Amino acid sequence: MPGEKNLSEENIVRMAQSGDEDAFAQLVHMYSADAFRTASVVLRNRSDAEDVVQEAFLTCYRKLHSFRMESSFKTWFYRVVVNLCYDRLRKINRENAAYGRISLSNRTGEWDMSEVEGRLDLKEMVASLSTEHRLVLTLYYGMDLGVQKISEILGIPAGTVKSRLNSARNLLKERLERGREYAL
Amino acid sequence: MRCDAVKLMIDDFLDKTISVKKAVIVEEHLGKCESCRDEFEKLQRADALLRKTVVEMVSQIEVPADLNGRIKEALARERARRPWMRRLPPVLRSPAFAAVLLAAVAVAGIFGMHGLFNRDARRTDVVMQEPGIAYQSEAGDAYREELKKSRVPEENLADKNIAQENGSMLQFDGIPPGYGEAGSGAGQEKGPDSQAAVPVRQSLPMEDEKRGVAGTGEPSPSITGEPSPSITPSITPSITEKLPMSVNRAQTLKKGTLEEAARENDFSPARPSYLPGGAELQDVSWSPGQVCQSYRSGGLHFKIVQGRPDLMGFDYEEELRQGGKPVSINGLKAVLQQNRFETEDGAAGTETSVRWTTGGWTFAVSGGLPPEELIKIASSLK
């Protein structure tokens, strides 16, 4: 959102738009690591994550001139990363039809309690959540992005972002209430 | 303030999406209500644990040491591959220019090549099969939809190839990435593979009629008459092939009120008795045997299409085979489909549709709302 724009980022983007290749390299330095981590959480595969980050930068590079600064570069870039991740997941799903069905049933689904039940390790619990939930948790807690930004990145209503955060919190709260502590 | 109201606000409080005024109310309440304070503390603890866990998980992911180096190499290859890109004056690289160019091509195609490449009869059916997956009526949207289709008839392959070569410009300069693409480069490099990743949706003709001409960046006739001659004739056939609905449906498509639609169609389109907060009917369009109601709720759009089954081409079993999810609308078998899409500036979203057939009609409710909301709207149609 315009109010939240980082001025120095904006300057760098403008320089990159005018053809300054070093400026674009600077954007790569600023965002590649976090993008790689986010993609890794979604894809659970380092090599796929690296491909996605590379593709995302190429995409932004090619389309940089049409970027109107209506959102921050970071938001735009993350959108591209997330979409490429979804593309890749779809490809994986297609290649493995059986897996695709599982993924589909989890996609919009509620928590798979039986899956989560019985797991003591909190990281495993987070890892067992649906892609969409993991993504929201990663962006919110891991990348420290706010609800509004995440809703822009994912193209979903802020209410949906919140409900994913809330359901994760509530799930954990219930587990804690049952007296099961997580070893951290 | 009542406890249940406060409990609802606790999540907002933790998400930091609460207004200062409400935060003060919540804090005051927590100060004197033990039950709410207990709930808040538990959720706060869960929140802190989640943060700690996720931060740890994320920071444990080791970033490849040469990641940036490899990205820069890829960028250098890209620059070497498309040196002409950088020589183009900015105006020629703008989406508006590409839109104008495409509009010119379409116009040339429609008037010049119509007879040669007309496939109205067949195309109409195809077009009618997929109810509205159309979204923001931005310039180039219709073209984006069309360019995404990998199923180009053989006789147009040559045109497609040329279009693709030029496509570097068409795509990068004006045609934003679509669903499967998430970046034009990706889509292009992966070719048919990536396109097949998502069921390619065609938009409802009504929508296209609305956007197809009006939504092309308001091309001015004086400019549209001046496309690059080397490009125009070569891509004209495929564009013409791909844009018939804006022409073919124009004569039959009408706009007006629901009452007019009902009168002209001899049936009363079903209306939703439930609408999400703030949702309003934006417009109604129809062609014989099919009525489309477009609603807007805040920044989100959704559509309700009611049409004769032969026009809607909905096949329950087939939809499921293509990855649709079975859902129930008032006990009727329906299919939920979700597709990611990306708009011009990279905004991503999910387009969801619910479709089913009952009583001689096929219904399609689609838009950017969460599936639950769409199902709720669908279930409320009367």
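Return yes or no: is residue A:7 at pLDDT 90 or above and more than 10 Å from chain B (Cβ to nearest Cβ)?
When the stated conditions are applied, residue A:7 does not pass them.
Which pairs do you get when a residue that is under 23 Å from residue A:140 (Cβ atoms), found in region B:1-16, comes within reach of a residue that is open to solvent by less than 40 Å² (accessible area, probe 1.4 Å) and among the hydroxyl-bearing types (Ser, Thr, Tyr), reach meaning Cβ atoms under 9 angstrom, with the pair 6+ apart or on two chains?
What qualifies is B:15/A:140.
Which of the residues spanning region A:63-75 are surrounded by fewer than 22 Cβ atoms within 10 Å (Cβ to Cβ), facing chain B (nearest Cβ under 7 Å) and assigned to a helix (DSSP H, G or I)?
Within region A:63-75, A:65, A:66 qualify.
Failed condition for residue A:54, given (1) facing chain B (nearest Cβ under 8 Å); (2) modelled with pLDDT under 95, with all others met?
Every condition holds for residue A:54 apart from (2).
The values are calculated or read from the model by the stated rules, or taken from the named source; none is laboratory data. Small disclaimer: the values here were computed from a predicted structure and weren't measured. When we count neighbours, we look across all protein chains shown, and the Cβ atoms used for this are built from the backbone with ideal geometry, even at glycine. Only protein heavy atoms, including side chains, enter the accessible area calculation; ligands, DNA and RNA are left aside. Shrake-Rupley method; radii C 1.70, N 1.55, O 1.52, S 1.80 Å.
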